[in-house]
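Since the structure comes first, as structure tokens, the remarks are kept for the end.
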Amino acid sequence: MRVKICGITHSDDAMAACAAGADALGLVFYPKSPRFVRVEQAAAIAGAVPPFVTMVGLFVNADVAEVREILARVPLNLLQFHGDEPADYCEQFQRPYIKALRMKDDLDVSAAMAAHPQARGFLLDAYRPGVPGGTGESFDWQRVPRNSGRHIVLAGGLNAANVARAIAAAQPQAVDVSGGVEAAPGRKDPEKVRAFIRAAKRAFVEA
């Protein structure tokens, strides 16, 4: 079970998450988010992270030039697109990417995944009108497709208390958490991070 801690805004939070066993860290380049990081901040955080931890850049319908500038200055391993980006937009950066799908009631998840054949995976998140992610809300985990042949990252309202149940119900390949391990928006609570990662890894072993 791979674990991503998203919404990192400080190097010390990044290092604490890595020490706790995080597989990936997320940097949010969406100005409307309370977890938004400037390029200078992001570069400092990424520069402090040890090898073998995946650095993920999160974008929401960003201007192409903006994404390219960030890629030139921040060593990102993976891109995460949370808006309405079509496949050709996502693929133009020549970087592995995952596509976030907001689980609206009428969303055809299989069709949405088929529209992004080159995506490394799909992050399934709760739907709230006008909010591209980070809602702190969950969705019906039974809606996660089984045996799709695609890598699924489960997000939305996860915390140390419910992540084991979420993994058992949805059987994803990875989980993503932000607000569920925070002391305040953008600041992680080290003990909550440790507890979440322990719970997620244990759930996978015991499954």
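The values are calculated or read from the model by the stated rules, or taken from the named source; none is laboratory data. These figures come from a predicted structure and were not determined experimentally. Counting neighbours? That spans all protein chains shown, and the Cβs are built from the backbone with ideal geometry, glycine included. We work out accessible area using only protein heavy atoms, side chains counted, and drop any ligands, DNA or RNA first. Shrake-Rupley method; radii C 1.70, N 1.55, O 1.52, S 1.80 Å.
Accessible surface of Met113, taken over heavy atoms with a 1.4 Å probe and every protein chain present, rounds to 10 Å². When Rg and Dmax are taken over the Cα atoms of the chain, they come to 15.7, 45 Å. In the full protein context, segment 49-154 carries 50 Å² of accessible surface per residue, based on a 1.4 Å probe and ignoring ligands, DNA and RNA. Database remark: amide H of Tyr97 closer than 5 angstrom to the amide H of Leu79, Arg120 (H placed geometrically; neighbours at sequence offset of 5 or more, or on other chains; Pro and chain starts carry no H).
Between the alpha-carbon centres of segment 34-54 and segment 136-204 there is a gap of 21 Å.
Note down the relative contact order for the chain as a percent, whole number, built from C-alpha pairs under 8 angstrom at least six residues apart.
On the way: 402 pairs, mean separation 43.0, N = 207.
Answer for the chain is 21 percent.
The lysines within cross-link reach of Lys99, meaning a Cα-to-Cα straight distance under 26 Å and a gap of 8 or more places when in the same chain, are Lys4, Lys32, Lys188, Lys201.
Counting only aspartates and glutamates at least 8 places from Lys104 when in the same chain, those with an alpha carbon closer than 17 Å to its own are Asp84, Glu85, Asp125, Glu137, Asp140. Helix-only arithmetic for the chain: the sum of -39500 (n - 2.57) across DSSP H runs with n ≥ 4, divided by the residue total, places the mean residue ellipticity at 222 nm at -9000 deg cm²/dmol.
Placing +1 at every Lys and Arg Cβ and -1 at every Asp and Glu Cβ, with all other atoms neutral, what dipole size does the chain have around its Cα centre, in debye to the nearest 20? Could the numbers behind the result be given before it?
Numbers: 24 positive and 22 negative charges, 107 e Å.
Dipole of the chain, to the nearest 20 debye: 520 debye.
What share of the DSSP beta bridges in the chain is antiparallel, in percent to the nearest 5? Can you show the working numbers first?
Details: 3 of 32 bridges.
In the chain, DSSP labels about 10 percent of beta bridges as antiparallel.
Using a probe radius of 1.4 angstrom, the carbon and sulfur fraction of the accessible surface of segment 20-152 is 50%.
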